[in-house]
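Chemist: Quick one: this structure, given as structure tokens, is what I'll be asking you about.
The values are calculated or read from the model by the stated rules, or taken from the named source; none is laboratory data. Just so it is clear, the structure is predicted and the values come from calculations on it, not from any experiment. FYI the Cβ positions are ideal-geometry reconstructions off the backbone, even for glycines, and counts take in every protein chain you see.
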């Protein structure tokens, strides 16, 4: 029985070309080499991005959970795209006002939302240049502008 692939002395070119064609069937290879992931990503390949808070929103958790997850709508400075960003920790939404400058980072799995929060792929890290964690633990105060 044949193995389904050439095995001769001069088969290297055939094997190499076949492997090159087959790579395009892989979802991850295609995404990486066509550059569509970077075009679709609001951060354009960066790990963090600065933005201006447009509004504060509460997003209902998916079933079977019942909660309102505190988020905010942020317009990125670099390209003007609007994204929803999760605000972690209890009461941290109170540190964020509209028109504040925030630093946003990715949240969980690449390109996917996390847990029971539908459509939210980012989280707020800093507000007005101060870490949200430092504000939460009362180690720093938010600068008044």
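Chemist: Sort through 79, 99, 89 and tell me the only one that's assigned to a loop (DSSP other than H, G, I, E, B), out of contact with any strand residue (DSSP E or B) (no Cβ under 9 Å at 6 or more places or on another chain) and surrounded by fewer than 19 Cβ atoms within 10 Å (Cβ to Cβ).
Modeler: Working: 79 fails: out of contact with any strand residue (DSSP E or B) (no Cβ under 9 Å at 6 or more places or on another chain); 99 fails: out of contact with any strand residue (DSSP E or B) (no Cβ under 9 Å at 6 or more places or on another chain).
Answer to the check: 89.
Chemist: Any idea which of 37, 25 is more than 19 Å from residue 101 (Cβ to Cβ) and in a helix (DSSP H, G or I)? Please lay out each step first, then the result.
Modeler: Details: 25 fails: in a helix (DSSP H, G or I).
37 is the lone residue from the list that is more than 19 Å from residue 101 (Cβ to Cβ) and in a helix (DSSP H, G or I).
Chemist: Taking residue 125 as meeting all but one of (1) assigned to a loop (DSSP other than H, G, I, E, B); (2) in contact (Cβ under 8 Å) with a residue 60 or more places away in the chain; (3) touching a strand residue (DSSP E or B) at 6+ places or on another chain (Cβ under 8 Å), write down the number of the exception.
Modeler: (1)
Chemist: Would you pick out the residues in region 65-116 that are under 21 Å from residue 141 (Cα atoms) and within 10 Å of the chain's Cα centre (by Cα)?
Modeler: 104
Chemist: Is it the case that region 37-46 has a residue that's modelled with pLDDT of 95 or more and either surrounded by 11 or more Cβ atoms within 10 Å (Cβ to Cβ) or in the same structural domain as residue 115 (by TED's automatic domain parsing) (or both)?
Modeler: Quick first cut of region 37-46, residues modelled with pLDDT of 95 or more only: none.
Taking every residue of region 37-46 in turn, none turns out to be modelled with pLDDT of 95 or more and either surrounded by 11 or more Cβ atoms within 10 Å (Cβ to Cβ) or in the same structural domain as residue 115 (by TED's automatic domain parsing) (or both).
Chemist: Here's a follow-up. Assess whether residue 64 counts as being surrounded by 11 or more Cβ atoms within 10 Å (Cβ to Cβ), under 23 Å from residue 121 (Cβ atoms) and out of contact with any helix residue (DSSP H, G or I) (no Cβ under 6 Å at 6 or more places or on another chain). Step through it out loud before you land on a result.
Modeler: Values: surrounded by 11 or more Cβ atoms within 10 Å (Cβ to Cβ): no; under 23 Å from residue 121 (Cβ atoms): yes; out of contact with any helix residue (DSSP H, G or I) (no Cβ under 6 Å at 6 or more places or on another chain): yes.
In short, no.
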